[in-house]
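J.: So that we are looking at the same thing, I have put the structure below in structure tokens.
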Amino acid sequence: MGDKLPRLTAKEAEKILLENGFFVDRQKGSHRIYVKNGCRMVLPHHSGETLHPKIIKQLFDVIDEIISVEIQ
């Protein structure tokens with residue numbers, strides 16, 4: 001994957017998830033668990049900190065998976 005991933009905070013990532021139909025299932029400490037159609041995404045919420053690129057990649061992979069399932 002040669003594309004550069006955007007740098008996102010947890011708040012920005014949360015907005016993307018909510019816009020794509022995910023909802024907050026539960027929270028444990030600073031980690032919020034979002035769910036939609038059996039797909040789960042865990043976001044660490046540390047105020048103002050940028051998320052690790054692996055978490056951002058996972059975020060977009062989960063959204064792509066949901067979109068491809070909805071299309072079928």
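J.: Which value in nm describes the separation of the simple spin-label points at residue 68 and residue 28, placed 7 Å from the Cα toward the beta carbon?
T.: Each label point is offset 7 Å from its Cα along the Cβ direction, giving 2.8 nm.
J.: When the helices in the chain are scored as -39500 (n - 2.57) per DSSP H run of 4 or longer and the sum is shared across all residues, what 222 nm value do you end up with, to the nearest 500 deg cm²/dmol? All intermediate terms of the calculation are to be shown ahead of the outcome.
T.: Values: 2 runs with 29 residues, N = 72.
Value at 222 nm, helices only, nearest 500: -13000 deg cm²/dmol.
J.: Next question, about the same structure. Grab the other residues whose beta carbon is less than 15 angstrom from that of residue 71, score K and R as +1, D and E as -1, and report the net. Please list the in-between numbers first.
T.: On the way: positive: 36; negative: 64, 65, 70.
Summing Lys and Arg as +1 and Asp and Glu as -1 gives -2.
J.: Over all distinct alpha-carbon pairs, what is the Kirkwood Rh of the chain in angstrom?
T.: Working: mean 1/r = 0.0794 Å⁻¹.
Result for the chain stands at 12.6 Å.
None of the figures in this text is laboratory data; all of them are computed from the coordinates on show. As the structure is a prediction and not an experimental result, all values here were calculated from the model. Please note: Cβ atoms are built from the backbone with ideal geometry, for glycine as well, and neighbour counts cover all protein chains shown.
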